[in-house]
1. Around PRO198, with a cut-off of 9 angstrom between Cβ atoms, what is the net charge of the other residues, counting Lys and Arg +1 and Asp and Glu -1?
2. Show THR426, THR626 ordered by accessible area, largest first, where the area counts protein heavy atoms only and the probe is 1.4 Å.
3. With N residues in region 161-204, what two-decimal value do you get for its Cα radius of gyration over 2.2 N^0.38 Å?
4. Across region 223-240, in residue order, what do the Karplus-derived ³J(HN,Hα) couplings come to in whole Hz, using 6.51 cos²θ - 1.76 cosθ + 1.60 with θ = phi - 60° and x for Gly and Pro?
5. I need the calculated FRET efficiency for the pair THR337 and GLN360, taking r as the beta carbon distance and R₀ as 30 Å, to the nearest 0.05.
6. So for region 427-567, what percent of the C-alpha to C-alpha distances run longer than 27 Å?
7. Largest first, how would LYS710, LYS630, LYS619 line up by accessible area (1.4 Å probe)?
8. Can you give the convex hull volume of the alpha carbon atoms of region 275-345 per residue, in Å³?
Amino acid sequence: GFGLSGCTFSRLLGKSAMHLPVDVAYQALHLVASFASSAATALQTMAGQHVVGTESDMNANFGEPAFVGPPTPKMSTVLCVLWPLPPLIFWAVDHYSRLRRRRVEDSGRAATASFAAELTDAATPQSADVIHGNGGGDGLAIVERSRGEARNSRVLLASLEHHLDLPSVQAKVIAGGLGKVISLIAQHHPGDITMVHPMVKEEGGIDYGRNSSSLQREPELTLWVDGRLHTVVVYRAQIPDREAGRRVDFLLLSHDLFENRTRKSIYPNPMTRREVLRFYSLWNQAVGALLVREQPTMYHCPDFHAAVAPWYAVEQNPRLCMLLVLHNAEYQGSISTDMIQKEKLDVMSSIWNLPPEVVQRHLVNDGRFNMLKAAVNYVLERQGRRGICAVSADYAAECHLAYSLLWPFPQINGLDNPMLEDERPTLTIDLAQRKAMEKEAVQRKLGLDVDPEARIFVSLGRLVRQKGVDLLADIAPWLLSTFPKAQLVVIGPPGDGFGAYAAEKLDSLFSQNGGDFRGRGYVKCEFMQVGEDIKFAADFCLMPSRDEPFGYVDIEFAWHGALLVGAQAGGLGKVPGFYYIAQNRENLGRLRRELKHAIKSAMSATSTELDEMARSASKCRFPLRTWQEKLQDAYGSLVSTGTVAANPVPAGGAHSRAAEAEDELGDREFLRQELAEDELTLRVRSRISADSQANIIQVLEDIGTDEATKYEQELGCKWSVWLAQRTWNVTRVHWLVAIGYVMGPVTETLLYVVCTEWGLRGNIETPDWLPSSVASDSSLDPMSMSMVLFSTNSLAFAVGAPVWAAVARRAQPRHLMAVALLLQVPLHMSIVPVPPRLNLALLLMFMHGLVSSASLLFVVFNFMMAIQPDASKAAIRMGMLEVCRY
């Protein structure tokens, strides 16, 4: 039971302390079962302790009374059997709640023309009763009225990514799917829209045309950031030749903080750096000022980057509604290294030019800085929990389950992205003939063996963790050695440590084993312009993504007749292919096995089956009209109901306080620093070069240990440095905490002995509230004493667990651990001889229950210090500790 308990507890707590309320409910179930079990056992024992044999029980042969043993604890046996049910129920609910609404079988036989027809029907424009009713006449009238209000409303969108193709203005600043959607909105938004973008450094083909007639200079913005005054230059541009009644304005912002970025570093990192926080503060304040100046009725907010902006504008634009669209909810603009309290809260207040209470309320989630929370709070407090959606229906459901920040919403709507028909390739010959022709050309172009029977796997895109590129690198040798007809093409630049790991692994694979895999693979771990030839030549698009909000790459390959092989995660699963559903996205071994199974299914399919699936894939449709109507419905539902009154946010007061009293830190960092992506990439490559057999988790654990040791050395504490180092591949502080946890029952045993002795001594007064059947005039019998003490301890555990959980949401883990240890001292001191009293014994057991209820939290928080996201391994650790403990 404790092993199962540890697994669930570790899974929930191992990612974030935000899941603690779930853990409290879970532990409460176990406590109830434990309490009932002990009470039932004791009561049955009391009821049967005076049972004696009767004449009918006499043994016929010996004439002696039959032996009467202790009564069978039937109720306790049942409760013990029911003990594992809470985690099993939790796992079952978690599993079925994550199943896709639309399942794609991992066999080519299922992806027939009927499947393509299903996708086509699902993508065709429907009556817009999804949000506003049941499709009846009144519902349609409401929908049309809301769409009319949406068309007449003014919309403002703010995004760091942008694509401007105007006379004298050429700027393509795109990092992924968000940039593609922003470009699509600029061209096909159903109504008037103003799009706000910060400029980047003009290099590499980027030219904003500042001196051209295409840009008009607007009044400047004067903003306070970190106690200093900043001036932001604003330029306005328009898209010419828009259809009648549709207007698109661009507001381009110029400032040194903005233009220190390049097209390759659109998103500053890490968030712990003061300069990065200043960037986001200036960006959000500038957008907030434009929300006041432009007075739009709708603010379209993609992700967290400008999530704080509406709070700067709410006082002067109280009618402002916001539509929060989640393009990648994993990134929330959060800082996990420090709790934002006291002095750090004051510094944050100065940086963001907001009072500390506003920062605490809207920018701090469970003690940690989180920018996305500002947008979530705006939707919750001012829009009645309406106004949040994601870029696909399945991804919306996943976000709602995965992120506790989004749990207050009743649901998150899906706003599936469109795919313009202009991007569909034009075929002048049969698809199979075109693919065969392009395959031969691409094989010659990339240096692959020219083999018409070969099946080419292509991975295209940035090499980042979300795309599962580490899994691809790990199974690449297996793929090429198991299937002689398989060829592998990987193209894309590394974007994080996982990408650097994959790049190093793949480069070494083809450089060291060129003889074995010569002509079987092509790897180019940098940006490369890919044309239609590679997409037509590909048989499979390989996407083992951990998360995929929508996915454009799978559609692009599907339209060229390539089938998807990978995970059915988020927006994936909308085109024919061979999929697996990841049951544990952090267990590398399981993910590899699931990916291998999907690859085996793809390679075992016949050419006829693949041709039929390819034709089905090329016919999938994702109409623009459907997306426009859903977007208008989302706008209209908010505009028609408006916002609720709220207390104004006093922005602009923090700078005066900072001006009067200069920040003691000045420009120095005030947070524990995370590694920048460039530095992390270099360290990962160095580790892989030194040990090519290490997996990504081992590499990151080693880097984390080095950083922790470095941090403790800077603090100057030798003991902390020693504890941060590793012994037998486990950090020493983990060993220390584990030993302390395992030794916990020693204190428990001593206390039980002392308390039992106090209860069993003669000449003591028993409390009046104990029933006479339990307590005699002068003492308690051993069984009754055990029942009372254990019940008292269990009751205290039930009271203490939610208390510790509440404290854990605000207190720093190291402080919580220290308090939990120090509270053990008075419990040991209680062993000093004192006059025996039952009340004192019960009080002592109650205090022990309160303190011991923190033990599991203590161990889980300690494991959170390691880079160990796989809950199954944490469960094994906890199970081993429980076995040693008891």
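1. Details: positive: ARG261; negative: GLU259.
Around PRO198, the surrounding residues sum to 0.
2. THR426, THR626
3. Rg over 2.2 N^0.38 Å, computed on Cα atoms: 1.17.
4. Rounded to whole hertz, the list is 9, 9, 9, 6, x, 10, 8, 10, 10, 10, 8, 10, 10, 10, 9, 10, 7, x.
5. 0.95
6. Details: 1427 of 9870 pairs.
Value for region 427-567 (Cα pairs over 27 Å): 14 percent.
7. Heavy-atom accessible area, descending, gives LYS619, LYS710, LYS630.
8. In region 275-345, the Cα convex hull volume per residue is 105 Å³.
The values are calculated or read from the model by the stated rules, or taken from the named source; none is laboratory data. What you are looking at is a predicted structure, and each value in this text was computed from that prediction instead of being measured. Please note: Cβ atoms are built from the backbone with ideal geometry, for glycine as well, and neighbour counts cover all protein chains shown. Please note that ligands, DNA and RNA were not included when accessible areas were found on the heavy atoms of the full protein model with its side chains. Shrake-Rupley method; radii C 1.70, N 1.55, O 1.52, S 1.80 Å.
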